[in-house]
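**Q** A single structure is presented below for examination.
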Amino acid sequence: MEMQKTYNPKDFEDRLYSEWMEKNYFRAEADPSKIPFTIVIPPPNITGQLHLGHALDNTIIDALIRFKRMQGYSALYLPGCDHASIATEVKIVEEMKKEGLTKKDVGREGFLKRAWAWKEKYGGRIVEQMKKMGVSCDWSRLAFTMDENCSRAVREVFVNLYEKGLIYRGDRIINWCPGCKTALSDAEVEYSEDASYFWHLKYPVKDSDECIVVATTRPETMLGDTAVAVNPKDKRYEHMVGKTLVLPLVGREIPVIADEYVDMEFGSGAVKITPAHDPNDFEVGLRHDLPVIRVMNDDGSMNENAGEAYKGLDRFAAREKIVEDLKACGALVKIEPHAHNVGHCYRCKSTVEPIVSKQWFVKMAPLAKPAIDAVARNKIKFTPERFSKIYFNWMEGIKDWCISRQLWWGHRIPVWYCQNCGEMIVSKTDPSECPHCGSRDLKQDEDVLDTWFSSALWPFSTLGYPEKTEDYAYFYPTDVLSCGYDIIFFWVARMIFSGIEHTGKVPFRDVLLHGIVRDEQGRKMSKSLGNGIDPLEVIDEYGADSLRFSLITGVAPGNDSRYSRGKVESARNFMNKIWNASRFVLMNAEGVKIPPMGDIKLASADKWIISRLESCIKEVTLNMGKFELGIAAGALYDFLWSDFCDWYIELCKSSLYGEDQAKKAATLSVLCFVLENALKLLHPFVPFITEEIYRNIPGTKGSIMVSDFPRYNSKLSYKKEAKAFEPVMDVIKCVRNMKTSVNCPPSKKVKLYIAAQNKRILSANSGAIAKLAGASEIEFIESAAALSEKTLSQVTETCTVFVPLGELVDIDKERDRLTKELERVVGEISRADGKLHNRGFVDKAPKNLVDAERAKLEKFIEMKEKIEKQLKNL
RNA sequence: GGGGACGUAGCUCAGUUGGUUAGAGCGCAUGCUUGACAUGCAUGAGGUCAUAGGUUCGAGCCCUACCGCCCCCACCA
């Protein structure tokens, strides 16, 4: 094969992906002879296109899946999308607005038609993007939260929960988004501190000169006040309890009540109670049987209960007018600046209003308990572990989950109301008549379910639940759930309690959380900042492998990371390095009959690289198991670039360019062996380049995707041999160093004298040393005494290397260098000596460490003597 | 109010159960058209591991305190 001089991913990425698809490699079978390994995708919203967060999701998951697949598991990466009820609906409404249309104009049916068209368009686009990333999803199982299976699961679950009494309908205070005109769950509200005010209002006591001062951050809600509460222990207000106040502007008479909820220390110690518009007030209202007066419409405007003066005004306009009016009638005591946490809709950012409303809820306490236990008893493990604490924290304080949404796009609530007798029918299938009165006049609940209600079922609804399908039996429970830590509450926690409740099993054993991909300056990527990065553009410029590698290297689980072009470039450079190293091997291998590794006698350098390879295999495998993908990728980077390219390939050149054909063939055998294994280790991270090269390595068959992942082989670990080889590299480094220190160009050939205890390994590699160090000749001597000419010299752990001084050398410079080196060695000696004179260390530290320290000390003392001799010689 | 991180080279970050002389990438300096690669090669400079104590034979790592920065949750009207 003809390989291009530089790595060009466009030449092969798309081609290889199509081939993988054609050959059906992504397909996971329920094969009883294999062990299943399943990961379901965190389904991207169909609202738009993928961003770098999705790219990270996919890279991590695909790396795990490919790794397991190569290890022989039946590895299923189940892809799909989320209908994203509210988010998508917001988008479609925006889109319609451009055409001058509203939801009302097109009607429910027309709206849903648009929504499905949207899904086709954007869902399809997301699939294409994922393919560009190289992910090995089983596309035959592509799922969607609103497809038939998932919808059936939603109904099954809803009805089961309802029948168990875990779903109920009731009037409660919920978070209302006036922008989206729907209820939200607690999790869907984002709080941010806004500069606001405290308005202190004076409510007069009926038929008296007395009054009570209350403070509020939302003065417009005073129109719905139905009491003022004080603490029962509060002496200041003891006499007021039970009295009647006259609500300013409204004229309604409201009682003064006593309730523990009121904090005597805070403000005036008296609180206006608006049960319809505040969660705490609602509770107080229940305790005291207060009327609930809602003064706001669904769109945030004031309703008829607000009175003629304010009816129809937007809440913020009403606020201003009310403050004006209160001022005018003398009820406004003062205005105080106040930083206040205000809730905003996580989709449209409107200020959320707590409003009393009839909604559907999931009773959380009974579901939370087993979900907490599962993590506490290690049936589910969070990586990093610290997130389990966050999870506990949330689960333990959880409130009932408001699941109904006043939207059209989503799973319609499977509840029907008989228009004849008022019977409520909760059913898995559409009922045709009322079981109570037989009437056929049934009307389905208008609302849809929280989008997260269906995502919570994702690990099993996508596998066939509630049917007992083959897939469900084989692939469920899934193995790893990987996503960003930002959706622990929305998604992970809810999958856990749903899985346990509906399938009787935890939905996955491991939760692997990653951080947020930020921009170069560490800011979150967002539309408003315009700092988002389109993965496709990055892929277009650098290739999918470079993007994948850059996202995964140098990143620890759960930690945020920063995206930068520089990182992708450096990943791309690494790809280029792999490409060229492979090109080198393949070019040299051309036309050569390569013997199997078993048939050749390994040279010392060969054993060294094989040893390095084996420890790399060990490290990669171990770290993949611990989900430390960054460490695994880093180990591969070092192995390939430093060990393989910078050292081994360079060491090989003397035999590759030499006359000995058998030696050349043997070297190529090792080169191919190491390259092949390195590519396999890399494949989970960078699937395309590894596949493209793998096929051209002599002796390989088929696709790397379905090859066996390397296994650590202790017979090939060659620990001793690898250690024995190090002096060769030390000598080379020494000579290079000496040359640089005297500004001698590396290409200048010099004669070397080496005094070594064990010269066998060095002489066996003298060709390589000569080539890599730039030596013209190598002579072994007993000691410096044997030298008649003046030399430059450097001491390594095992030998001393001398280079004739010649006229190149700057003696002062050399003296400085030696003096510095001497200082360092003396420092080491005193450190080691101190350690060894420390009884505690000698007695308590492990023996091998103590011995190592002794050996080190000896070595340093020896080095010191040699350096001193050299200094004298100068 | 409660909880969780982070602070290591100029920048971005690794550092696995405490144990060789604390690492990498980028940047910087110097020198190299060394028959795979300038998307490269070689060599080097650069760190009181935020600060102060403590535990230990031994601390970047464990404990305490403190400073700085960030995030999450809750929310007192």
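**Q** Confirm whether residue A:77 is in a loop (DSSP other than H, G, I, E, B), in contact with a Ser or Thr (Cβ under 9 Å, 6 or more places away or on another chain), among the hydroxyl-bearing types (Ser, Thr, Tyr) and more than 16 Å from RNA strand B (Cβ to nearest atom). Working first, answer last.
**A** Values: in a loop (DSSP other than H, G, I, E, B): no; in contact with a Ser or Thr (Cβ under 9 Å, 6 or more places away or on another chain): yes; among the hydroxyl-bearing types (Ser, Thr, Tyr): yes; more than 16 Å from RNA strand B (Cβ to nearest atom): yes.
It is false that residue A:77 is in a loop (DSSP other than H, G, I, E, B), in contact with a Ser or Thr (Cβ under 9 Å, 6 or more places away or on another chain), among the hydroxyl-bearing types (Ser, Thr, Tyr) and more than 16 Å from RNA strand B (Cβ to nearest atom).
**Q** When residue A:261 is evaluated against the numbered criteria (1) touching a residue at least 12 places away in the same chain (Cβ under 8 Å); (2) more than 10 Å from RNA strand B (Cβ to nearest atom); (3) open to solvent by 10 Å² or more (accessible area, probe 1.4 Å), which criterion, by number, is the only one it fails?
**A** Exception for residue A:261: condition (2).
**Q** For region A:112-132, does any single residue satisfy the condition of being outside any helix (DSSP H, G or I), surrounded by 18 or more Cβ atoms within 10 Å (Cβ to Cβ) and either over 33 Å from the mean Cα position of the chain (by Cα) or modelled with pLDDT of 95 or more (or both)? Working first, answer last.
**A** First pass over region A:112-132, keeping only residues outside any helix (DSSP H, G or I): none.
Checking region A:112-132: not a single residue is outside any helix (DSSP H, G or I), surrounded by 18 or more Cβ atoms within 10 Å (Cβ to Cβ) and either over 33 Å from the mean Cα position of the chain (by Cα) or modelled with pLDDT of 95 or more (or both).
**Q** Okay, next question. Could you tell me which of the residues A:593, A:626 is more than 12 Å from RNA strand B (Cβ to nearest atom) and surrounded by fewer than 19 Cβ atoms within 10 Å (Cβ to Cβ)? Walk me through it before giving the result.
**A** Details: A:626 fails: more than 12 Å from RNA strand B (Cβ to nearest atom).
After applying the criteria, what remains is A:593.
**Q** Grab the strands (runs of 3 or more DSSP E) fully contained in region A:141-238, keeping just those with 3 or more residues being surrounded by fewer than 16 Cβ atoms within 10 Å (Cβ to Cβ) and out of contact with any His (no Cβ under 6 Å at 6 or more places or on another chain). Working first, answer last.
**A** Working: elements: A:167-177, A:182-184, A:189-204, A:211-216, A:227-230.
The strands (runs of 3 or more DSSP E) meeting that bar are A:167-177, A:189-204.
**Q** Does residue A:507 qualify as being in a loop (DSSP other than H, G, I, E, B), open to solvent by 10 Å² or more (accessible area, probe 1.4 Å) and of a type outside the set (Val, Ile, Thr)? Write out each step before concluding.
**A** On the way: in a loop (DSSP other than H, G, I, E, B): yes; open to solvent by 10 Å² or more (accessible area, probe 1.4 Å): no; of a type outside the set (Val, Ile, Thr): yes.
When the stated conditions are applied, residue A:507 does not pass them.
**Q** Scanning region A:829-846 for residues that are near RNA strand B (Cβ under 8 Å from one of its atoms) and open to solvent by 50 Å² or more (accessible area, probe 1.4 Å), which turns out nearest to residue A:861 (Cα to Cα)?
**A** This residue is A:831.
**Q** On to the next question. Could you please tell me which pairs satisfy a Cβ distance under 7 Å, a separation of 6+ or placement on different chains, a first residue in region A:326-353 that is more than 14 Å from RNA strand B (Cβ to nearest atom), and a second residue that is among the β-branched types (Val, Ile, Thr) and not in a strand (DSSP E or B)?
**A** These pairs meet every condition: A:332/A:323; A:347/A:86; A:347/A:90; A:348/A:90.
**Q** Test each condition in (1) more than 13 Å from RNA strand B (Cβ to nearest atom); (2) at pLDDT 95 or above; (3) open to solvent by less than 40 Å² (accessible area, probe 1.4 Å) for residue A:676 and report the one that comes out false.
**A** (3)
**Q** Hey, can you tell me all the residues within region A:847-871 that are of a type in the set (Gly, Ala, Ser) and near RNA strand B (Cβ under 7 Å from one of its atoms)? Step through it out loud before you land on a result.
**A** Filtering region A:847-871 for residues of a type in the set (Gly, Ala, Ser) gives A:852, A:855.
Selection gives A:852 alone.
**Q** If you don't mind, there's one more thing I want to ask. With a cut-off of at least 3 residues that are open to solvent by 40 Å² or more (accessible area, probe 1.4 Å) and in contact with a helix residue (DSSP H, G or I) (Cβ under 8 Å, 6 or more places away or on another chain), name the helices (runs of 4 or more DSSP H) lying wholly within region A:683-792. Lay out the reasoning, then the answer.
**A** On the way: elements: A:687-694, A:719-741, A:760-764, A:766-773.
The helices (runs of 4 or more DSSP H) meeting that bar are A:719-741.
**Q** For residue A:543, indicate whether it is free of Cβ contacts under 8 Å to residues at least 60 places away in the same chain and over 16 Å from the mean Cα position of the chain (by Cα). Lay out the reasoning, then the answer.
**A** Numbers: free of Cβ contacts under 8 Å to residues at least 60 places away in the same chain: no; over 16 Å from the mean Cα position of the chain (by Cα): yes.
Spelling it out, it is not the case that residue A:543 is free of Cβ contacts under 8 Å to residues at least 60 places away in the same chain and over 16 Å from the mean Cα position of the chain (by Cα).
**Q** Could you list, in sequence order, the residues of region A:73-111 that are free of Cβ contacts under 8 Å to residues at least 24 places away in the same chain and open to solvent by less than 30 Å² (accessible area, probe 1.4 Å)?
**A** Narrowing region A:73-111 to residues free of Cβ contacts under 8 Å to residues at least 24 places away in the same chain: A:93-102, A:104-107, A:109-110.
Scanning region A:73-111 gives A:96, A:107, A:110.
**Q** If you don't mind, another one. So in region A:374-393, with the set limited to residues that are more than 16 Å from RNA strand B (Cβ to nearest atom) and either open to solvent by less than 50 Å² (accessible area, probe 1.4 Å) or hydrophobic (A, V, I, L, M, F, W, C) (or both), which one is farthest from residue A:480 (Cα to Cα)?
**A** A:374
The values are calculated or read from the model by the stated rules, or taken from the named source; none is laboratory data. From a predicted model like this one, the values you see are computed outputs, not experimental measurements. Methodologically, a virtual Cβ is constructed for each residue, glycine included, from the backbone with ideal geometry; neighbour enumeration extends over all protein chains shown. Protein only, heavy atoms only, side chains kept; ligands, DNA and RNA dropped before computing areas. Shrake-Rupley method; radii C 1.70, N 1.55, O 1.52, S 1.80 Å.
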